[in-house]
Amino acid sequence: MDKAIEEYKKALNNYLYDTPSMALYNMAWAYYSKKDYKAALDKYQEALNTDPLTRLRPQIEKMWAYLF
C-alpha cells in the first residue's frame, strides 16, 4: 500500500493530471486498507474539497459511514 500511496502523490504533483479527486479517493482507500483511518478521512475530505461535484461523492460518503 505504501507504494500505491507514493504513486498517487506523484499523480497529484503532476499539474496535467486532470482527476485529482480520483487519486485522493484511491489514496484514502489505501490508507483505509492500512487501518490509518485518520489519514483516510483526511484524504476523503480533500477529495471533496478539490472537486465538490465529483461522481465519487456517494462512495466517499459511504466510506465516511464505515469510518465513523
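The values are calculated or read from the model by the stated rules, or taken from the named source; none is laboratory data. Keep in mind that this is a model prediction, so the values were computed, not measured. Cβ placement follows ideal geometry from the backbone for every residue including glycine, while neighbour counts extend to all protein chains displayed. Areas reflect the complete protein model, heavy atoms only, side chains present, ligands, DNA and RNA absent. Shrake-Rupley method; radii C 1.70, N 1.55, O 1.52, S 1.80 Å.
Starting from the Cα coordinates of the chain, work out the convex hull volume and express it per residue in Å³.
Details: hull volume 4.8 nm³, N = 68.
It is 70 Å³ per residue.
Note on K35 and N14: with the Förster distance fixed at 30 Å, the Cβ-Cβ geometry gives a FRET efficiency of about 0.60.
The accessible surface of the chain, taken with every protein chain in place and a 1.4 Å probe, is 54 percent carbon and sulfur.
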